[in-house]
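Accompanying notes for the structure given below.
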Amino acid sequence: MTAAISVRGLRKSFGSLVVLDGLDLAVPEGSVFALLGPNGAGKTTTVDILSTLTPADAGEARIAGHDVRREPDAVRASIALTGQFSAVDNLLTGAENLRLMADLLHLDRRTGRARAAALLERFDLGEAASTSPVTYSGGMRRKLDLAMGLMGDPRIVFLDEPTTGLDPRSRRAMWDAVRDLVADGVTILLTTQYLDEADELADRIGVLDGGRLVAEGTSDELKRTVPGGHVRLQFTAAPDLEEAARVLGVPVADRAALALEVPGDGSVAALKALLARLDDARLDVAGLSLHTPDLDDVFLALTGRPAAEEVPS
Ligand SMILES: Nc1ncnc2c1ncn2[C@@H]1O[C@H](COP(=O)(O)OP(=O)(O)OP(=O)(O)O)[C@@H](O)[C@H]1O
Ligand SMILES: [Mg+2]
C-alpha cells in the first residue's frame, strides 16, 4: 500500500518550546487518520508543516510522494486544507468564494462552474450561495470552507478540528461529507479533541503527546491497551455487599453506594456466570451496569489528562 502521507523524525520548536520531538507517521492512500491530542499538543503545527505553511526544523515529510521542503508546489497541488480558523471571505457570497478558488486554481470557466455547483449541492449550501458568509452559521462556514478546498479536486485533505464548536446536526453533516470523500478514495488526516469523532471516522488513530505519537492503532487496538472493562454490581444492604465481595473475591469498590466492580469483558457468557454465582449464594442484585473501556480511558491512560468535553449528540 502506498503511503499518501509519510513523516519521519519531524521536529519543530518555537524558541525553547519543543512542539514536535521526532514525529513519525504513515497514512495509507484512501484512509482516514485521526491525530488526537490535548490543546497545545502540536496538531495544528503538524498540519501546517505537512501543508507547507510552516517549515520543520528537522525530519522528512512526503505528501503524495512529494517532499514538503523541496517540492512545495507539487504538495500544494495535491492537498486541500481546511483550518481551525476559516479562510472564507466575508465580502463575497458563497458562490463567489468558490469562483475565486476556481480562478486561483486556473480552472477553465466551465469546469469551475460545474465543480462549484456540484459542491454547493453536495454540502446543501444552495440557498447560501447568493448570500455573504457573515450570515452563515458556524456549520455552514465550515462546509463552505471545505467546499473551497475541494475545488481543486485534491487527493489528500487535511481537516484541522473540523467540527469543534458545531452543533450535533452540523457535526453529522461534516462526518457525512468526510465519508463521501473517503468513498471517492481521498486520503484524510484530521485532528480532533473529540474521541467519538475519531471513533466514527478514523481507520487509524494516533495520540499526540509530548511531541510524539504515544500510541497508534485502530480504535479497537487502542481500547485493548487500557484495562478498565468491568461489571458494576449494586446491592440493597451492606451485609449482601460484603458477602458478594467475599463470594466473588473482589474488593468493595464503593461502600457508600453499596457497589462492587468485577473485572471482565461484559460478554453475555461472563454475565450469566456472574449472576449464577450470586444466585447460588442467594444474593439479590439491585442494579448492574457494564463499563467497557472507551477512547476516553485510552486518552486518560496515555496522557494523564481527560479529553475535551464531549459535545452532546
Ligand atoms: N507561531 C508560533 N509561535 C510560537 N509558539 C507557537 C506558534 N505556533 C504554535 N505555538 C505553540 O506550539 C504549541 C503547539 O501548538 P498547536 O497549535 O500546534 O497545538 P494544537 O495541538 O493544535 O492545539 P489546539 O488543540 O489548541 O488547537 C503551543 O504551545 C503553541 O502555543
Ligand atoms: Mg490546533
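For segment 46-88, the candidate set comprises residues that are within 16 Å of ligand 2 (Cβ to nearest atom) and of a type in the set (Ser, Thr, Tyr); within that set, the residue that is farthest from ALA26 (Cα to Cα) is SER86. Scanning segment 182-202 for residues that are within 20 Å of THR164 (Cα to Cα), more than 16 Å from ligand 1 (Cβ to nearest atom) and in contact with a strand residue (DSSP E or B) (Cβ under 6 Å, 6 or more places away or on another chain) yields ILE188, LEU201, ALA202.
The strands (runs of 3 or more DSSP E) falling completely within segment 172-248 that include 3 or more residues that are closer than 30 Å to SER16 by Cβ and of a type outside the set (Phe, Trp, Tyr) map to 187-192, 204-209, 212-217.
Can you find a residue in segment 170-189 that is out of contact with any Cys (no Cβ under 8 Å at 6 or more places or on another chain), closer than 17 Å to GLY149 by Cβ and within 16 Å of ligand 2 (Cβ to nearest atom)? Yes, segment 170-189 has at least one match. If only residues of segment 109-146 that are touching an Asp or Glu at 6+ places or on another chain (Cβ under 9 Å) and among the charged types (D, E, K, R) are counted, the one that is surrounded by the most Cβ atoms within 10 Å (Cβ to Cβ) is LYS143.
Within segment 11-26, residues that are assigned by TED's automatic domain parsing to the domain that holds VAL214 and at pLDDT below 95 reach no partner that is away from ligand 2 (no atom under 16 Å from the Cβ) and not in a strand (DSSP E or B) with beta carbons closer than 8 Å at six or more positions or on different chains.
When residues in segment 60-94 are screened for being buried (at least 20 other Cβ atoms within 10 Å of the Cβ), over 14 Å from VAL7 (Cβ atoms) and within 16 Å of ligand 1 (Cβ to nearest atom), 2 of them pass. Residues that are assigned to a helix (DSSP H, G or I), over 17 Å from the mean Cα position of the chain (by Cα) and either more than 16 Å from ligand 2 (Cβ to nearest atom) or on the phi < 0 side of the Ramachandran plot (or both) do not occur anywhere in segment 153-168. For segment 14-49, a residue qualifies if it is surrounded by fewer than 19 Cβ atoms within 10 Å (Cβ to Cβ), in contact with a Leu (Cβ under 8 Å, 6 or more places away or on another chain) and not charged (D, E, K, R), and exactly one does: GLY22. Out of ASP57, ASP103, one residue alone is within 16 Å of ligand 1 (Cβ to nearest atom), farther than 23 Å from GLY185 by Cβ and either surrounded by 16 or more Cβ atoms within 10 Å (Cβ to Cβ) or acidic (Asp, Glu) (or both). It is ASP57.
Within segment 266-280, identify whether any single residue is closer than 29 Å to THR163 by Cα, out of contact with any Ser or Thr (no Cβ under 6 Å at 6 or more places or on another chain) and surrounded by 15 or more Cβ atoms within 10 Å (Cβ to Cβ), and answer yes or no. Within segment 266-280 (the criterion being closer than 29 Å to THR163 by Cα, out of contact with any Ser or Thr (no Cβ under 6 Å at 6 or more places or on another chain) and surrounded by 15 or more Cβ atoms within 10 Å (Cβ to Cβ)), the answer is no, since none of the residues qualifies. Evaluating LEU35 against the criteria (1) more than 16 Å from ligand 2 (Cβ to nearest atom); (2) within 20 Å of the chain's Cα centre (by Cα); (3) in a strand (DSSP E or B) leaves one unmet condition, (1). If you check LEU98 against the conditions, is it in the same structural domain as ASP167 (by TED's automatic domain parsing), among the aliphatic types (A, V, I, L, M) and outside any helix (DSSP H, G or I)? When the stated conditions are applied, LEU98 does not pass them. State all residues of segment 1-42 that are closer than 18 Å to ALA215 by Cα and of a type in the set (Asp, Glu); if no residue qualifies, say none. ASP21, ASP24 - these are the residues of segment 1-42 that are closer than 18 Å to ALA215 by Cα and of a type in the set (Asp, Glu).
Let's see how each residue does on (1) over 28 Å from ALA117 (Cβ atoms); (2) of a type outside the set (S, T, N, Q):
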position	(1), (2)
ASP160	no, yes
ALA177	no, yes
ASP180	no, yes
ALA183	no, yes
THR187	no, no
LEU195	yes, yes
ASP199	yes, yes
ASP203	yes, yes
VAL207	yes, yes
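Restricting the first member to segment 34-48 and to residues that are over 18 Å from ARG8 (Cα atoms), and the second to residues that are near ligand 2 (Cβ under 9 Å from one of its atoms), the beta-carbon pairs closer than 6 Å and six or more apart or on different chains are GLY37/LYS43. Against the test of being β-branched (Val, Ile, Thr) and over 30 Å from ASN39 (Cα atoms), the options VAL252, VAL298 yield a single qualifying residue, VAL252.
The values are calculated or read from the model by the stated rules, or taken from the named source; none is laboratory data. The model shown is predicted, which means the values in this text are computed figures rather than measured ones. Cβ coordinates were reconstructed from backbone atoms using ideal geometry, including for glycine residues, and neighbour counts include every protein chain displayed.
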